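**Student:** Below is the structure I would like to discuss, written out as structure tokens.
We did not get these values from a lab; they are worked out from the coordinates using the rules stated. Fair warning: this is a prediction, and the values are worked out from it, not measured in the lab. Backbone-built Cβ (ideal geometry, glycine too); neighbour counts: all protein chains shown.
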Amino acid sequence: MKKLMWITLAGLFVLAASCAKPEGVAPAGEPGQAAPAEPAQPQPPAPAKVESAPAPAAETATFAVPGLNAELVTKLTQALADKPGVVSAKADEAGGTYAVSFTPGQTSPDALLKALQAVKADCSLKGVAPAAGDDGAAPKHDCGGCPYHDTCGK
């Protein structure tokens, strides 16, 4: 049995059809018996909680690059552009050094050196240290003269 109802909603007429069976009505052919309850649908299992280990802290490898200039910096940067684990790079032309921040486990100082030596054969590794501002938290950004530099958390 279908019930039709007209509902006015903001000047629009909407036709709603209801096909629900009233409770306690027996299905055809079974007089005096209530309709059987719907079988319970099995619930999917709850997703497992995945706890991930904290990401390893970034490290900075500093390389000596004789004859470092703007053109060479561009080439060195391009050599590292597709390397996994490279976070950032900073050149010091006057000091002849190229510092590369990276994520351990995704790359290594030796792999970085090999990529840099493909551009400039006489590059050498000076040392590796924790990335600047690395205290286990996300690296801080160099916000320069921003008035919120000390409090923004970036």
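**Student:** Closer than 20 Å to ALA132 by Cβ, in contact with a Ser or Thr (Cβ under 8 Å, 6 or more places away or on another chain) and surrounded by 12 or more Cβ atoms within 10 Å (Cβ to Cβ) - does that describe any residue in the range 69-77?
**Tutor:** Looking for residues that are closer than 20 Å to ALA132 by Cβ, in contact with a Ser or Thr (Cβ under 8 Å, 6 or more places away or on another chain) and surrounded by 12 or more Cβ atoms within 10 Å (Cβ to Cβ), one finds none in the range 69-77, hence no.
**Student:** Separate question: What tally of residues in the range 105-125 results from selecting those that are loosely packed, with under 14 Cβ neighbours inside 10 Å and closer than 12 Å to ALA61 by Cα?
**Tutor:** Going through the range 105-125 one residue at a time, the tally reaches 2.
**Student:** Related question: Collect the residues in the range 69-114 that are of a type outside the set (A, V, I, L, M) and within 19 Å of the chain's Cα centre (by Cα), keeping them in residue-number order.
**Tutor:** ASP82, LYS83, PRO84, GLY85, SER88, SER101, PHE102, THR103, PRO104, GLY105, GLN106, THR107
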